[in-house]
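K.L.:
Dumping the structure here so I can ask a few things about it.
The values are calculated or read from the model by the stated rules, or taken from the named source; none is laboratory data. This one's a predicted model, so the numbers in the text were calculated from it and none came from an experiment. Neighbour counts are summed over all protein chains in view; Cβ atoms, including those assigned to glycine, are modelled from backbone coordinates with ideal geometry.
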Amino acid sequence: MSRSAGTTFAEQRAAEPAPRRRNVRALVLLFALCTIPVAIEEAILVATGFRSARPLAPQVTAPQALGIFHDLRWMLVYHDSWPMFLGEFVLALLLRSALIAAIAQVCWPAEAQRPSFRESLRRSAGFTAICMICLSPWAIVAMAASETSLSWFTFGELLPVIFLTVMVASGGIRRRWWCGLPPLTVVGWTLLSLLVSSLGGAAISSVSGWWTVAVAACFGAFNALLWRAIVRSIVIRRSLWPRAWVVPSAFVVTLAALLVLSVFSSLGAGPAGANRWVPALVAAQRQIPDHTILFVAGYNSSYGGNRDVTSVPVHFSYRGLGADGSPLAYHAKDTHQSLFASAALLAEQVQAVANRDHHPVTIVAQSEGTLVTRAYLGAFAHREVDTVVFTSPLVRPGRAYFPPPSESSGWGYVAGWELRGMLHVMRLIGPYDEHADEPFVRSIVEHAPFFRDSMLCAVPGVRMIAFVPTAAAAVVPPNLDSQIPLVELPGVHGTLLQRPGFDRLLVAFIRGELTDGDRSALFSLLQRVAAGWQAPALALSVNPVWHAAGIPDAAFDLHVCGPAS
């Protein structure tokens, strides 16, 4: 209810219905505002079979920045041109601003003078527009996590988003929301809203069918209670340091986190130079002299070369073989080439090693190396290989798309240009050499149907296993269709080869003694909790570049692998 310019607060209170009736009506309206949008989105996702995106629905009406972050991830994935993106931006801005303003009106405590709806709408519109712009880099990072299936990107997305969500908790509710720290009670309620959104995604991932709509609506009701507590705390309690421009400073601080993220994203390359991986693989090679171990390192790895052609384990070279048959030295930039170019070099090296040793070849691959190996198994004859071991595999890459810079449209068009801009800035201020359109990235983007669906599918004639770190649960969707054993090991991406005893696990698998997967209840729980923080996958069927008509889509279909041989 708005008040006229000449109406006093006491007159406004006197003109309103009895407190009990007013409170009941406000609660009913609040629950409707917070549950109906959630239920509608969840119902649409269930009706379309969009299984992997269902955990996002509780965030539709999550307080302030969380709801905006939900909108951004959908917008950046599902647009195919500047006009379409701008239209979505304006529509999301209007709807989100109106929702925040309406919720603020019905949650406003009776003992405080409530602003008019027009004033609430003005505040929420300014907050929403600024927040959409400032949160967009982290929505891009969420897309990068979906595209590469690299858990470091998920962690790099979550921490800044949590920090910003707390810092802007007063946004859209009070005047000058960008000044001062939010009251401690607001911080507590905001952190609880993050937990509720995570648990909502976990709960939805744990049920099936139309039951997910009811579950999502329940968490929409929790959002209503959180909104009520947050708005009341903002209005009643004073902020800390009310004159300090805290929020702009917080945005600047989070941008610095991009530099840290770029360092961690290269973990998983596979130790090089010092060859820290040698002890585990050498120990394994000594125990299985009837196999030759070929190690395929990951992104930004390097190798100094070895003149001893018979050295073990054999290190795959991203530059190929020398005239004497030894792997050539390579630098980090060589790992940026197309995955299928690397796969062709791997096919050549496998053949050379098999001809030299006359033994079956065991490929041990890490991080990017798992993509190279899967491309090799899918595109080349591989009768010399009888076992493949994935460590820190990129389990479900290829869930996003952006067109090359030469195109004027395409799904994820604006997201692609924002990613290019972010990486350009990072190259200017740090020793980084990553490009959004380097052949490695484009080979994932262009061949997304293959990599999205096949990483955990069995290959006839090859025994396969995947060792995944516990931290990978943050980026591995729940309910995976895996035809190969998955063994969880404590750790983070790219560190499993250094675990004590890894050589024993490797030898046990090659000898046929390790045949079953092993994942903890914690891993499954983390998968479900993190599901709501991932960017929605771009459906294979909507992107004509992929030519994926009739192809199973892991984002929609529970079973994407063909019959296991």
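K.L.:
Looking at the structure I just gave you, is residue 331 assigned by TED's automatic domain parsing to the domain that holds residue 496, in contact with a helix residue (DSSP H, G or I) (Cβ under 8 Å, 6 or more places away or on another chain), surrounded by fewer than 21 Cβ atoms within 10 Å (Cβ to Cβ) and under 25 Å from residue 397 (Cα atoms)?
P.N.:
no
K.L.:
Give me the pairs: first residue in the stretch 188-209 and free of Cβ contacts under 8 Å to residues at least 12 places away in the same chain, second residue among the β-branched types (Val, Ile, Thr), beta-carbon distance under 7 Å, and six or more apart or on different chains, which are they?
P.N.:
Final answer for the pair search is 207/215.
K.L.:
Still on this structure, I have one more. Tell me which residues, restricted to the stretch 117-133, are in contact (Cβ under 8 Å) with a residue 60 or more places away in the chain and either of a type in the set (Gly, Ala, Ser) or surrounded by fewer than 20 Cβ atoms within 10 Å (Cβ to Cβ) (or both).
P.N.:
Pass one, the stretch 117-133, residues in contact (Cβ under 8 Å) with a residue 60 or more places away in the chain: 117-118, 127-128, 131-132.
Scanning the stretch 117-133 gives 117, 118.
K.L.:
Would you mind stating whether residue 421 is within 24 Å of the chain's Cα centre (by Cα), more than 24 Å from residue 288 (Cα to Cα) and surrounded by fewer than 16 Cβ atoms within 10 Å (Cβ to Cβ)?
P.N.:
Working: within 24 Å of the chain's Cα centre (by Cα): yes; more than 24 Å from residue 288 (Cα to Cα): yes; surrounded by fewer than 16 Cβ atoms within 10 Å (Cβ to Cβ): yes.
Taking the combined requirement at face value, the residue satisfies it.
K.L.:
Can you find even one residue in the stretch 536-558 that is modelled with pLDDT of 95 or more and of a type in the set (Gly, Ala, Ser)?
P.N.:
yes
K.L.:
Name the residue, out of 453, 437, that is of a type outside the set (Ser, Thr, Tyr), under 25 Å from residue 526 (Cα atoms) and outside any strand (DSSP E or B).
P.N.:
Answer to the selection: 453.
K.L.:
Follow-up question, since we're still on this one. Taking the conditions exactly as written (outside any loop (DSSP other than H, G, I, E, B), surrounded by 16 or more Cβ atoms within 10 Å (Cβ to Cβ) and β-branched (Val, Ile, Thr)), does residue 484 satisfy them or not?
P.N.:
Numbers: outside any loop (DSSP other than H, G, I, E, B): no; surrounded by 16 or more Cβ atoms within 10 Å (Cβ to Cβ): yes; β-branched (Val, Ile, Thr): yes.
Here the answer is no, as residue 484 does not meet what is asked.
K.L.:
Applying the selection to the stretch 490-506, what residues are surrounded by 19 or more Cβ atoms within 10 Å (Cβ to Cβ) and closer than 20 Å to residue 288 by Cβ?
P.N.:
Residues satisfying the conditions are 496, 497, 502, 503, 505, 506.
K.L.:
Between 193, 197, 233, which is more than 15 Å from residue 61 (Cα to Cα) and either modelled with pLDDT of 90 or more or not basic (Lys, Arg) (or both)? Please lay out each step first, then the result.
P.N.:
Working: 193 fails: more than 15 Å from residue 61 (Cα to Cα); 197 fails: more than 15 Å from residue 61 (Cα to Cα).
Exactly one of 193, 197, 233 is more than 15 Å from residue 61 (Cα to Cα) and either modelled with pLDDT of 90 or more or not basic (Lys, Arg) (or both), namely 233.
K.L.:
Can residue 93 be described as assigned to a helix (DSSP H, G or I) and more than 30 Å from residue 410 (Cα to Cα)? Even if it seems obvious, please write down each step before you answer.
P.N.:
Details: assigned to a helix (DSSP H, G or I): yes; more than 30 Å from residue 410 (Cα to Cα): no.
Answer is no for this residue.
K.L.:
Quick one: in the stretch 256-290, which of the residues that are in a helix (DSSP H, G or I), aliphatic (A, V, I, L, M) and at pLDDT 75 or above is surrounded by the most Cβ atoms within 10 Å (Cβ to Cβ)? Give the derivation first.
P.N.:
Here is the first cut: in the stretch 256-290, the ones in a helix (DSSP H, G or I) are 256-264, 278-287.
Checking the rest, the ones that are also aliphatic (A, V, I, L, M) come to 256-261, 263, 278, 280-284.
The next check asks that each one be at pLDDT 75 or above; those that pass are 280-284.
Working: 280: 23, 281: 23, 282: 15, 283: 15, 284: 25.
Per the stated criteria, the residue is 284.
K.L.:
May I pose another question? Test of understanding: among 560, 487, which residue is under 30 Å from residue 290 (Cα atoms), in contact with an Asp or Glu (Cβ under 6 Å, 6 or more places away or on another chain) and outside the structural domain of residue 72 (by TED's automatic domain parsing)? Spell out the reasoning first.
P.N.:
Numbers: 560 fails: under 30 Å from residue 290 (Cα atoms).
Exactly one residue qualifies, and that residue is 487.
K.L.:
Moving to a separate point now. Tally up the residues in the stretch 397-434 that are closer than 16 Å to residue 336 by Cα, assigned to a loop (DSSP other than H, G, I, E, B) and among the charged types (D, E, K, R), please.
P.N.:
So the answer is 2.
K.L.:
Return the pair list, or none, for Cβ contacts closer than 6 Å from residues in the stretch 397-426 that are closer than 12 Å to residue 437 by Cα and aliphatic (A, V, I, L, M) to residues that are modelled with pLDDT under 95 and part of a loop (DSSP other than H, G, I, E, B), at least 6 apart or on different chains.
P.N.:
Hits for this filter: 419/436; 423/434; 423/436.
K.L.:
In the stretch 315-328, what residues are closer than 24 Å to residue 442 by Cα and crowded, with 19+ Cβ neighbours inside 10 Å? I'd like the intermediate steps shown before the answer.
P.N.:
The first filter runs over the stretch 315-328 and keeps only residues closer than 24 Å to residue 442 by Cα, leaving 316-320.
Scanning the stretch 315-328 gives 316, 317, 318.
K.L.:
Right, next: Considering every residue within the stretch 379-391, establish whether at least one is closer than 29 Å to residue 535 by Cβ and part of a helix (DSSP H, G or I).
P.N.:
Yes - at least one qualifying residue is present in the stretch 379-391.
K.L.:
Considering each of 346, 371 in turn, give the residue that is crowded, with 23+ Cβ neighbours inside 10 Å, outside any strand (DSSP E or B), of a type in the set (A, V, I, L, M) and without any contact (Cβ under 8 Å) to a residue 60 or more places away in the chain. Steps first, answer last, please.
P.N.:
Values: 371 fails: without any contact (Cβ under 8 Å) to a residue 60 or more places away in the chain.
Result: 346 is the single residue among 346, 371 that is crowded, with 23+ Cβ neighbours inside 10 Å, outside any strand (DSSP E or B), of a type in the set (A, V, I, L, M) and without any contact (Cβ under 8 Å) to a residue 60 or more places away in the chain.
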